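Notes to accompany the following structure.
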Amino acid sequence: MKASLWLLLLCTSGCLSGCGGGSSGPPPMATHLSVSAATEATAGTPLEVAVTALDANNNPVGSYSGTVHFSSTDGQAVLPQNSTLTNGTGTFSATLQTAGSQTVTATDTVTVSITGTSSPIDVGAGPATHFSISAPPTAQSGTTFDLTVTALDAANNVAKSYVGTVHFSSTDGQAVLPENSTLTDGTGSFPATLRTAGNQSITATDTVTTSIAGTSSSINVSGGSATHLSVSAPGAAQPGKPFNFTVTPLNAANEVASYAGTVHFTSTDAQAALPADATLFNSALTLSATLETRGSQTITATDTVTASITGTSSSIDVLIPQFYFSVATPTAAQSGTVFKFTVTALNTMNVVANNYSGTVHFSSTDGQAVLPANSTLTNGTGTFSATLRTAGSQTITATDTAMALITGTSSSIDVSAGPPTHFSVTAPTPARSGAAFSFIVTARDAANNLADSYAGTVHFSSTDAKATLPANSTLTDGMGTFSTTLQTTGTQTITATDTITASISGTSNAIEVFVNCATKGEACGRGPEGECCPGLICSATSIRSICE
C-alpha cells in the first residue's frame, strides 16, 4: 500500500513538471501586425514606422520569421523594401509625399491575412520649391484674362505656408502684368493682358529666392480685330519713279490684326499713280506707287466699308536728287576672294561731282558679303574692298546715309564657288536595319557654296562597324549619290573624307536605325515590316499607302 502511494505521488509530481514533453501548450502564432507611426508628418520628410507581429490576444510574437511588404494610401510614398522582423518587431523609414490623411500598411508576403495598418497620418505640405501658373491656352491681344499662381512643394502639394512675394514677367515685352503680389494659402488669381501676337508665356518668380519660380504653358495670342492701317513708305522719292510701300492691318495694340477687307488708296499728290483697290488678309501687303508732284506728299489707305479703318504714311519728300552714284565692279569674282570696286558721285549732267560731301553706306544682294564701313569720297570718288561669298549673280549698292535717293547699283557680278573645304552628307532618317538607302555627298567651299570644281576621291566610314559602305568614289560636278546599308540599331552616322586632304570631310545627320519598320517612301500597312518607323506616318495615296 505504501509502495503504491509513493508511485502515485511520483507520477503526479512528474506530470506537474511536464508530463508528455515538458510544455504547457503549442508556441504562440502571429495573426496580425501592429503598424505605428507619428500622427503628423511633412511631405518629403522621412518618418519612422514600427511594425510588431502580434497573436490573437495582441501579445508580441517574438518567433515571427515572415517577410513584410509595405504599401500606402499615398501613391507617391517612398516605402521600405520587403523586410524581416527581429524578435517579432522592426523599425523602418518611410517618406510620404501627398498632403492629407494617409496610412501605411504592412502585410506578410506569404500569408496576406497577417497584416496591419497604421492610424491616419496627417501629411502637411513641405516648403515651397516652385510655382504652378495656370493660364488659358489662347488669348486675344489687348484683352485681359485671369491667371492663377500656386506655390507647390517638391511633391507638388499646395504649399499653403508660403509667405513670399511674387514678381511677374513675360516673353511679351508689351504685356500688362500684375504688380508684385503675395498669395493667400499658397494661391492667387491675377489679371494679365498680352499684346504681342504669337506664342507667349508668363513667369512668376519669388522676389527673394529666385529658384522658386514657374512658367505658364504657351499662350497663343491672336491679333484681334483691325482698328487701323499702317502705311510704310520711303522718306523720299523721285518724280515719275515707282517705289514700294507696305500696308498692314493693326489692332489697338499696334499688332498685326485679323482683317479681310478691301483697301482704297489716295494721296496728297493729285497726279500720283496709285494701286487699284486691294484686298488684305491678316497680313501686310506691299504695293507700288509713283508720285509726280515735287514737295512733301503722303499716301493714305482706307477700308472701303469701314472708313475709320485707315492710315496715312509719313511724309514722302518728292524731289530730283542733286547727285547719284556710279558703282564700278569686276564682272566676276570668286567666293571669299577680296576685290576692289569704285564709287563715283555724279551730278545730273553725269559729270563727277567733286563737291559731294556726304557719307556712303554699302549693301549687297549677297547676305554673306563683307562690305566696307560707311565711308566718304575724295573729290567725288573712292575705291574700296569687298568680299562676296554667295555663288551666283550678285550686286553692290552705294547709298547716301542722309538722302536715300542718292544711290547707285553695280552691274551684275558673277560669283563662282571657292575651293572645296568640306563635304555635306545628307542621309534619310529613320532607316531600317539591313535595308539599303541612298545618301548624297556634296563638296562645298568655306561659304557653303557647291564646289563643282572638286576632283578628288571620297572615302566612306560609319559609326556602324557592320555597315556596308560604297567603295572610294569621285563626285560629278561636286555631287554624288551613293547607296549604303546600316545593320546596327540605334543612332548612326556616315562620314565622307577626301583620300588625300583629310580636312575635307563631313558627317551626316544622325540616322536612327530600327528593326522591322518601313522607311520614308516605302509601302506600309501590310504586316509587321509594313509598319512605319518611329517619326513617320502611313499615308494613303490613290495608288498605295506609303510612309511619310
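Each value in this text was obtained by applying a stated rule to the coordinates, not by laboratory testing. Everything quoted here is computed from the prediction, not taken from an experiment. Neighbour counts run over all protein chains shown; Cβ positions are idealised from the backbone, glycine included.
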Set Lys and Arg Cβ to +1 and Asp and Glu Cβ to -1, take the dipole of the chain about its Cα centre, and tell me which of Tyr64, Ser181, Pro191 lies farthest positive.
Tyr64
Could you work out how far helix 2-16 tilts from the main Cα principal axis of the chain, as a 0 to 90 degree angle to the nearest 10?
10
Express the Stokes-Einstein translational diffusion coefficient of the range 242-291 in µm² s⁻¹, to the nearest whole number, given a Kirkwood radius over alpha-carbon pairs, 37 °C and a viscosity of 0.692 mPa s.
278
What is the gain in length, in nm to one decimal, between Asn355 and Ile537 on full extension, counting 0.36 nm per residue of separation less the C-alpha to C-alpha distance?
58.7 nm
Over the range 32-124 - Rg/Rh using Cα atoms and the Kirkwood inverse-distance radius
0.97
Whole angstrom only: what separates the Cα centroid of the range 176-223 from the Cα centroid of the range 226-278?
37
Testing the spin-label approximation: label points 7 Å from Cα along Cα→Cβ at Val208 and Gln238. State their distance in nm.
6.9
Using a simple spin-label model with points 7 Å from Cα along the Cα→Cβ vector, what separation in nm is obtained for Asn59 and Thr31?
1.2
So Ala510 and Thr342, fully extended at 0.36 nm per residue minus their Cα-Cα distance, gain in nm 55.7 nm
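Please work out the FRET efficiency for the pair Ala38 and Ser217, using the Cβ-Cβ distance as r and a Förster radius of 51 Å; give the result to the nearest 0.05.
The value I calculate is 0.85.
Which FRET efficiency value, to the nearest 0.05, do you get for Gln174 and Ser375 by plugging their Cβ-Cβ distance into 1/(1 + (r/R0)^6) with R0 = 51 Å?
So the FRET efficiency works out to roughly 0.85.
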Based on alpha-carbon centroids, what's the gap between the range 75-104 and the range 478-512 in Å, whole number please?
55
Please state the charge dipole magnitude for the chain, taken about the Cα centre, from unit charges on C-beta atoms (+1 on K and R, -1 on D and E), reported in debye and rounded to the nearest 20.
680
Burial-style ranking of 478-488, 203-213, 416-426, average other-beta-carbon count within 10 Å with highest first, yields 416-426, 478-488, 203-213
Charge tally for neighbours of Gln97 with beta carbon under 13 Å away, counting Lys, Arg as +1 and Asp, Glu as -1, is -2
Would you please calculate the Kirkwood hydrodynamic radius of the range 412-516 over all C-alpha pairs and express it in Å, rounded to one decimal?
14.1
When DSSP assigns beta bridges and you keep just the ones with both residues in the range 333-416, what percent turn out antiparallel, to the nearest 5?
90
Which order do peptides 234-244, 494-504, 385-395 fall in by mean Cβ count within 10 Å, highest first?
385-395, 494-504, 234-244
Inter-label distance, nm, simple model (7 Å from Cα along the C-beta direction), Thr290/Ala435
6.0
Bin by bin, in steps of 20 Å, what percent of the Cα pairs in the chain do you find, going until the bin that has the longest distance?
13, 20, 34, 17, 9, 4, 2, 1, 0
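So what is the relative contact order of the range 422-514, in percent, for Cα pairs below 8 Å that sit 6 or more residues apart?
Normalised by residue count, the contact order of the range 422-514 is 38 percent.
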Beyond 18 Å, the calculated P(r) of the range 404-445 holds a percent of Cα-Cα pairs equal to 61
